[in-house]
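Some notes on the structure that comes next.
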Amino acid sequence: MSSLAAPGGGIAGSKPGWRASLGWDGTTLLILPAVCFVLAFFVFPCLYGLVLSFMPLKGGVFDNYIRFFSESRFYSTIWKTLLIALPATLANVFLALPIAFALRKTSRYQRIVTAILVVPITLGTVLVAQGLLGYLGPNGWFMRLLMTLHVIDAPFRLTHNYTGVLLSLIITGFPFSFLLTLSYVTGIDPMLAKAAATLGASPWTQFKQIYLPLLAPGLAMGFCLAFVQSFAVFPSAVLLGEPAGTTRVMALAVYQLAYEDYNAPMAAAGAMVMGAVQLIVVSCVLGLRGLFYRGPVGGTKG
Amino acid sequence: MTTVTLTRGGDFPAPFWNRVWSVLLWSLVWLFVLNVAAVVASVAVDSFGTRWFGTWLPEGFTTKWYFSAWDEFQLDDVLIVTIKVVASVVLVSVGLGVPAAYALARREFAGKRTILLLLVLPVLVPTITYGVPLATLLYRVNLGGTLAGVICANLVPTVPFVVLVMTPFIEQIDQRLESAARVCGAGTWGVFRYVLVPLLAPGIMAASLLVLVRSIGMFELTFLTAGPDSQTLVVSLYAAAFSAGIRANQSLDALAVVYMVSSLFWLIIALRFVNPVQLVARVKD
């Protein structure tokens, strides 16, 4: 296939047809395997789950949803999940932003610090949960240190409650937020900030007037991607939290419905509610970013 | 950076507040790094300790927990399953994702926005939302609990991930190189073999290492679809941690260390090949 043809044109010399008029040619067909895969293993299961959720084991079409929103052990999971996932995501994004900004200039130092900060990505939720149970537990190093320094007299509880889950989500989610934010920050043309500096702008002013508006779309996207991660995690909620109480997250409720109650339609309904809550949060965040500047960020990076 | 101390009203006077800010920021970074290191270290130290209760360090050190964990969790089986799953996920997601990324980077066509949305959605929808119905479906066609089912489920987020990472990478490769090869008489295979493969190799390498690290740690999807013979390392780690109390905590920690080392090994290789700053460039709509 000739690639001399302008984008949008068909194959040079091929007979014009409906495919060519849509811009489809041999190269675009390369996309089909991936699209077919996503259709078969993502779109189809989602639709299947949606249909299944309207076919409850007993009762009318909407009974699963009515049950979900009338029993407190189900609907309370929505705000319990949000109460964990939103603070964790916000903490990660606002922790990542200043650090990424401080590391915006390419240097050896930048690579080393980045590498160190990225390592927790390999730890995984289970290992972090196990580690936090030991480290923050009543006999762990953290409590011992505080007692040795006479900050506290007796150990207090940081695990098997809300705090433990929040901490573990911050540790596991931070590397990803940081990488994403860093790649957005370094993607902004540094000449813009230099131009501002020649006009006498302090680093704080540069950040406020130049970086922040340009970063807003990236931050919104980063927030969404980080939120998805902390929204669906349940190992830490089980191992580090109170799975019957304050940290009974939606993912756990859905899992129990499917694998402990063997109620696949009800589990599908829960999964759909979960997807809907997630998409509402994502569209709110992406809607907010529309209030900021939208335009070219400077094409210094490919 | 040398700051010019020209400040307008309302701005911080540059030098003093800059120094306070950077001290604050770096102490925060250090606090984070030290605490994470301590979390990891408390697992690692416990896995080598004999008995540890109410002291700073265990009473003695031993490696016996690794041997007992190896037998108890049938680690050779689990590791073989993990390697099979991860290798297939990497190969298939690169095989499906890179051609799609090439088409997206090089062509404008009707329906491109829809396809992009279709490929972004699996990244933006929580894993449980599609994982639970997908697992139900897989069990219906007798793929649930098998290696193939686990691989299929793990591919759902990784295929779009490869497409999203590779598209900007391919966009930056000059299209005229391919045209020049054509002018010099290369066929499609020749262009692919002598122009595209060498130019794409670093990007494919980066994408596959990222998929590798991701799928070692991919818990939810494997957990929902795995059966007794298709458990990966992370799932058996969770199963062991969930039933804590039955086994010695140390052998659980030993398993956690095995998991961390196998994951860390690949991340270090990845960091040697790719600049982390350029990993996730431009994940825009």
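Going through (1) more than 10 Å from every other protein chain (Cβ to nearest Cβ); (2) of a type in the set (A, V, I, L, M, F, W, C); (3) over 30 Å from B:GLN250 (Cβ atoms) one by one, B:ILE83 falls short only on (3).
Among the residues of segment A:148-168, those that are closer than 30 Å to A:PRO235 by Cα, part of a helix (DSSP H, G or I) and either free of Cβ contacts under 8 Å to residues at least 40 places away in the same chain or within 13 Å of another protein chain (Cβ to nearest Cβ) (or both) comprise A:THR163, A:GLY164, A:LEU167, A:SER168.
Do we have A:GLY245 as away from chain B (no Cβ under 11 Å), at pLDDT below 85, more than 18 Å from B:GLY131 (Cβ to Cβ) and in a loop (DSSP other than H, G, I, E, B) here? Against the criterion (away from chain B (no Cβ under 11 Å), at pLDDT below 85, more than 18 Å from B:GLY131 (Cβ to Cβ) and in a loop (DSSP other than H, G, I, E, B)), A:GLY245 qualifies.
Reported count of residues in segment B:20-78, each being outside any helix (DSSP H, G or I) and either among the basic types (Lys, Arg) or at the interface with another protein chain (Cβ under 9 Å from one of its Cβ atoms) (or both), is 6. Within segment B:174-196, the set of residues being facing chain A (nearest Cβ under 10 Å) and without any contact (Cβ under 8 Å) to a residue 40 or more places away in the chain comprises B:ARG176, B:LEU177, B:GLU178, B:SER179, B:ALA181, B:ARG182, B:VAL183, B:THR188, B:VAL191. With a requirement of 2 or more residues that are facing chain B (nearest Cβ under 10 Å), the helices (runs of 4 or more DSSP H) lying completely within segment A:26-102 that satisfy it span A:32-38, A:44-53, A:72-102.
Of everything in segment B:194-234, what is among the aromatic types (Phe, Trp, Tyr) and either over 21 Å from B:PRO133 (Cβ atoms) or part of a helix (DSSP H, G or I) (or both)? Give them in sequence order.
Across segment B:194-234, the qualifying residues are B:TYR194, B:PHE223.
None of B:TYR102, B:TYR139 is in a helix (DSSP H, G or I) and within 30 Å of A:VAL282 (Cα to Cα) except B:TYR102. Being in a helix (DSSP H, G or I), more than 30 Å from the chain's Cα centre (by Cα) and of a type in the set (Gly, Ala, Ser) narrows it down to one residue among B:ALA148, B:ALA181; which is it? Checking each option against the conditions leaves just B:ALA181.
I'd like to check something: does segment B:140-154 contain any residue that is farther than 21 Å from A:GLY49 by Cβ and within 11 Å of chain A (Cβ to nearest Cβ)? Checking segment B:140-154: not a single residue is farther than 21 Å from A:GLY49 by Cβ and within 11 Å of chain A (Cβ to nearest Cβ).
Screening segment A:174-203 for residues that are outside any helix (DSSP H, G or I) and surrounded by fewer than 22 Cβ atoms within 10 Å (Cβ to Cβ) and picking the one that is nearest to the other protein chains (Cβ to nearest Cβ) gives A:GLY200. Please verify whether B:LEU199 is more than 11 Å from chain A (Cβ to nearest Cβ) and touching a residue at least 40 places away in the same chain (Cβ under 8 Å), treating the condition exactly as stated. Here the answer is no, as B:LEU199 does not meet what is asked. Each residue in segment B:91-101 was checked for being surrounded by 22 or more Cβ atoms within 10 Å (Cβ to Cβ) and out of contact with any Phe, Trp or Tyr (no Cβ under 6 Å at 6 or more places or on another chain), and 5 of them qualify. Return a yes/no flag: does segment A:233-246 have any residue that is surrounded by fewer than 22 Cβ atoms within 10 Å (Cβ to Cβ), among the small types (Gly, Ala, Ser), free of Cβ contacts under 8 Å to residues at least 12 places away in the same chain and more than 27 Å from B:LEU271 (Cα to Cα). Checked segment A:233-246: at least one residue is surrounded by fewer than 22 Cβ atoms within 10 Å (Cβ to Cβ), among the small types (Gly, Ala, Ser), free of Cβ contacts under 8 Å to residues at least 12 places away in the same chain and more than 27 Å from B:LEU271 (Cα to Cα).
If you scan segment A:204-217, which residues turn out to be touching a residue at least 40 places away in the same chain (Cβ under 8 Å) and within 8 Å of chain B (Cβ to nearest Cβ)?
Correct list: A:PRO217 only.
The values are calculated or read from the model by the stated rules, or taken from the named source; none is laboratory data. Being a predicted model, the structure only gives us computed values, none of them experimental. Every residue, glycine among them, receives a Cβ derived from its backbone with ideal geometry; neighbour counts consider all protein chains shown.
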